[in-house]
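Asks: Quick one: the structure is below, and I'll ask about it shortly.
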Amino acid sequence: MNVIYVLWLRQIKKYLRSRSRVIASLAQPLLFLFALGYGLGPTYQKAGNGDYIQFLAPGVVAMAILFTSVFSGIEIIWDRQFGFLKETLVAPVPRIQIVLGRTLGGATVAMFQGFIVFLFCLIAGLRVENFSHLPLAFVFMFLIAMIFTSLGTVFGSLLEDMQAFPLIMNFIVMPIFFLSGALFPSDGLPSALHTVMRLDPLTYGVDGLRGSLHHSFVFGAATDVLFLAVIAIVILSAGSYCFSKIQV
């Protein structure tokens, strides 16, 4: 357990020391929030769908968590190249503890990023209907962060080329984001696209955040939590297995 705490704390300290990283990782979600929120807001409202900021904000929060968490996997490649990973792997501790420490640290950092974007969403006009549901929103933020930090661990363990990692992850992450319903409602979509969206784990995270903030779940809070929890366990297990295969 001490190893888990040390690695978790290391991730937090690295995040707090890197102010440029914090600012840079906020740029994309804030661009989506203000450019799309205010740019498409009048059109969305004229279509009779209400305030677009209300609809978009939970998706933007999920986007901030998604990108921050999944790209934490590149630190495995970085540590491998500069020797820190070797020092960690030769320690007499189970590798599952190392994975848990890194994953919890990456997920915590991603939640920080999501919370900062959430504050900007409040400034932009997001209205929380019931603040008593905010703890549930943080549960969904944590589950999203755990899933995609674990996914980053999988690819960070499999890849050795630092330049290939962002290219491959963008190829995977962008469809996950755009097909999650973060930017547009799923009503009226072709059945094939609707089916793909239901297979996207981020869809349930966005639905959970949207429902927690507006009390309007599509799948239901219990379904969202159960689906995300199962996916988190599966991908964390896959990440632990891939990490255990790294040769020192």
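The values are calculated or read from the model by the stated rules, or taken from the named source; none is laboratory data. Because the structure is a prediction, the values reported are computed rather than measured. Quick reminder, even Gly has a Cβ in these numbers, built from the backbone with ideal geometry, and neighbours come from all protein chains shown.
Asks: Could you check, for the stretch 188-201, whether at least one of its residues is surrounded by fewer than 23 Cβ atoms within 10 Å (Cβ to Cβ), in contact (Cβ under 8 Å) with a residue 40 or more places away in the chain, closer than 28 Å to Val99 by Cβ and more than 14 Å from the chain's Cα centre (by Cα)?
Replies: Within the stretch 188-201 (the criterion being surrounded by fewer than 23 Cβ atoms within 10 Å (Cβ to Cβ), in contact (Cβ under 8 Å) with a residue 40 or more places away in the chain, closer than 28 Å to Val99 by Cβ and more than 14 Å from the chain's Cα centre (by Cα)), the answer is no, since none of the residues qualifies.
Asks: Moving on. Would you please list the contacts, defined by Cβ atoms under 6 Å and residues six or more apart or on different chains, that run from a residue in the stretch 127-143 that is touching a residue at least 60 places away in the same chain (Cβ under 8 Å) to a residue that is small (Gly, Ala, Ser)?
Replies: Pairs found: His133/Ser212; Leu136/Ser212; Ala137/Ser212; Phe140/Gly205; Phe140/Gly208; Met141/Gly114; Leu143/Ala232.
Per-residue answers, yes or no, for (1) at pLDDT 80 or above; (2) crowded, with 17+ Cβ neighbours inside 10 Å; (3) within 20 Å of Phe118 (Cβ to Cβ); (4) of a type outside the set (Lys, Arg):
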{"position": "Gly41", "(1), (2), (3), (4)": "yes, yes, yes, yes"}
{"position": "Ile65", "(1), (2), (3), (4)": "yes, yes, yes, yes"}
{"position": "Ser69", "(1), (2), (3), (4)": "yes, yes, yes, yes"}
{"position": "Ile77", "(1), (2), (3), (4)": "yes, yes, no, yes"}
{"position": "Phe82", "(1), (2), (3), (4)": "no, no, no, yes"}
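Asks: Sticking with this one: Identify, by number, the condition in (1) under 17 Å from Phe184 (Cα atoms); (2) at pLDDT below 75; (3) not hydrophobic (A, V, I, L, M, F, W, C) that Ser20 doesn't meet.
Replies: (1)
Asks: Would a scan of the stretch 14-37 turn up a residue that is part of a helix (DSSP H, G or I), more than 22 Å from Ser150 (Cβ to Cβ), in contact (Cβ under 8 Å) with a residue 40 or more places away in the chain and not hydrophobic (A, V, I, L, M, F, W, C)?
Replies: yes
Asks: Still on this model: For Val61, state whether it is within 17 Å of the chain's Cα centre (by Cα), surrounded by fewer than 24 Cβ atoms within 10 Å (Cβ to Cβ) and not in a loop (DSSP other than H, G, I, E, B).
Replies: no
Asks: Have a look at Ser237, Ser157, Ser180 and point out the one that is in a helix (DSSP H, G or I) and modelled with pLDDT of 90 or more.
Replies: Checking each option against the conditions leaves just Ser237.
Asks: Next up: I'm told Ile98 meets every condition in (1) farther than 19 Å from Asp207 by Cα; (2) outside any helix (DSSP H, G or I) except one. Can you identify the failing condition by its number?
Replies: Of everything listed in (1) farther than 19 Å from Asp207 by Cα; (2) outside any helix (DSSP H, G or I), Ile98 misses just condition (2).
Asks: Quick check on the stretch 111-142: of everything there that is of a type in the set (S, T, N, Q) and loosely packed, with under 12 Cβ neighbours inside 10 Å, which residue is nearest to Leu226 (Cα to Cα)?
Replies: For the stretch 111-142, the residue satisfying everything is Ser132.
Asks: Mind checking which residues of the stretch 191-248 are farther than 18 Å from Gly114 by Cβ and of a type in the set (Phe, Trp, Tyr)?
Replies: Across the stretch 191-248, the qualifying residues are Phe217, Phe219, Phe227, Tyr241, Phe243.
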